[in-house]
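**Student:** For reference, the structure I am asking about is given below.
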Amino acid sequence: YVLQNPGCELDEIPDLPSSAYRLLRTKFKPFTSTVHSVFHSTDGVTTKLLIKLQNGAFVEAVIMTYDTRLGKYGGKPRLGGPRSTLCISSQVGCKMGCKFCATGTMGFKNNLTSGEIVEQLVHASLLTNIRNVVFMWHHFDTISCHVVSENDDDDGTYVVNGHEAPMGCVGMGEPLNNYTALVEAIRVMTGSPFQLSPKRITVSTVGIIHAINKLHSDLPGLNLAVSLHAPVQEIRCQIMPSARAFPLEKLMTALQTYQKNSQQKIFIEYIMLDGMNDEEQHAHRLGKLLETFQVGRRYRGGNKCDLWRLDRAFLVVNLIPFNPIGSSSQFRTSSDQKVSDFQKILRGTYNIRTTVRKQMGQDISGACGQLVMNLPDKRTRENTSLLTDIEDLRI
């Protein structure tokens, strides 16, 4: 009732015992967070919410809107209308410390509760109907769509205005480092009143192996995206210090096991850094690294009798242009030609489906690597004790 009527008082909830109303009045309140500011990008499809938590900290959530009527499905026109993807924060700051990331410069502040995570969906739902939710690892997962070629919808992939949807937005924090709250929040989102399909929820991670190993059993049906960014462990550690704790060989084994158990696609995120990981040799090493994943069959026009080719249909590589995070950034953006050459090698030589992201929302610092709070870290506390989120109520 509260989620469907966000402006209500708890006393207005119908049909509860009188003792329940006393409990709710004294121990709970409908919301513990508020929308501090709303920023609209000039691209017309991107909105960023600055949300203030009850401890005085701030997080950001981003909405990207697209129109399904501009797309196609299986090569045919598709009915529909406006659809929105919400990119959610799971932490204040992040402890991963990636060198190309603005959010990483904040350091880690605190985990969000499951209620604070769900409230981002509630706040966003007041602005637009949310169709997809993305728990994106903090730094690079941009407000974007994936640019794909004309044949990339042959397996039923949803293509909108030349871009694949719904993947791709930005949030703060490493979701799998806040595992319990993440699981609880997603279970709320897939229940009443949200009723989101697990297929429309994506969790992106730097590669927390022990969490990946149990994710499918706890939350079956989700999309998993993994921030790889380099085809060898040495380069990965140079740009992602946290990768030292997650050796590439063990990560690949965990992903293969996840794919075998879930029978779902895995999205490999790869940020393009000039001279660091974007050369042809890196593309070939990445292709060879991913050759061990399952091979699928592609058919022309969905005709099961007309085999087109064998490829790694259970794997999608997303190439992500780097967004500089200031004049002090040690990295440069790869040229369009390098990105294109990299894509052609993965697609042509290794039959790996590879997309290139289009950047949006940069004017509101909502694009990849740009999420960092510039507000003073002053935790104002009007009350000495923090109230419990209504979503965290245990019966």
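The values are calculated or read from the model by the stated rules, or taken from the named source; none is laboratory data. In this text, all values refer to a predicted model and were calculated from it rather than measured experimentally. Cβ coordinates were reconstructed from backbone atoms using ideal geometry, including for glycine residues, and neighbour counts include every protein chain displayed. Only protein heavy atoms, including side chains, enter the accessible area calculation; ligands, DNA and RNA are left aside. Shrake-Rupley method; radii C 1.70, N 1.55, O 1.52, S 1.80 Å.
**Student:** Which residue, of Pro30, Pro14, is closer than 18 Å to Phe194 by Cβ and either at pLDDT below 90 or out of contact with any helix residue (DSSP H, G or I) (no Cβ under 9 Å at 6 or more places or on another chain) (or both)?
**Tutor:** Being closer than 18 Å to Phe194 by Cβ and either at pLDDT below 90 or out of contact with any helix residue (DSSP H, G or I) (no Cβ under 9 Å at 6 or more places or on another chain) (or both) holds for just one of Pro30, Pro14, which is Pro30.
**Student:** Moving on to the next point. Which residues, counting only those in the stretch 40-61, are touching a Leu at 6+ places or on another chain (Cβ under 9 Å) and either among the aromatic types (Phe, Trp, Tyr) or free of Cβ contacts under 8 Å to residues at least 12 places away in the same chain (or both)?
**Tutor:** Once the filter is applied, which keeps residues that are touching a Leu at 6+ places or on another chain (Cβ under 9 Å) and either among the aromatic types (Phe, Trp, Tyr) or free of Cβ contacts under 8 Å to residues at least 12 places away in the same chain (or both), the stretch 40-61 yields only Phe58.
**Student:** Going through Val133, Val159 one at a time, which residue ends up being at pLDDT below 70 and not in a loop (DSSP other than H, G, I, E, B)?
**Tutor:** The conditions single out Val159.
**Student:** So, in the stretch 33-58, of the ones that are open to solvent by 40 Å² or more (accessible area, probe 1.4 Å) and either assigned to a strand (DSSP E or B) or aliphatic (A, V, I, L, M) (or both), which residue ends up modelled with the lowest pLDDT?
**Tutor:** Applying the filter and picking the extreme gives Val45.
**Student:** Would you confirm whether any residue within the stretch 99-106 is surrounded by 21 or more Cβ atoms within 10 Å (Cβ to Cβ), farther than 28 Å from Ala230 by Cβ and modelled with pLDDT under 85?
**Tutor:** Scanning the stretch 99-106 turns up no residue that is surrounded by 21 or more Cβ atoms within 10 Å (Cβ to Cβ), farther than 28 Å from Ala230 by Cβ and modelled with pLDDT under 85.
**Student:** I'm trying to understand the selection: among the residues of the stretch 274-285, which are surrounded by fewer than 24 Cβ atoms within 10 Å (Cβ to Cβ) and touching a helix residue (DSSP H, G or I) at 6+ places or on another chain (Cβ under 9 Å)?
**Tutor:** Asp274, Met276, Asp278, Glu279, Glu280, His282, His284, listed by residue number.
**Student:** Which one is most open to solvent (accessible area, probe 1.4 Å) among residues in the stretch 302-359 that are of a type in the set (Lys, Arg) and at pLDDT 90 or above?
**Tutor:** Lys344
**Student:** Mind listing whichever residues of the stretch 192-234 are touching a Gly at 6+ places or on another chain (Cβ under 7 Å) and either more than 20 Å from Thr355 (Cα to Cα) or exposed (fewer than 14 other Cβ atoms within 10 Å of the Cβ) (or both)?
**Tutor:** Across the stretch 192-234, the qualifying residues are Pro198, Lys199.
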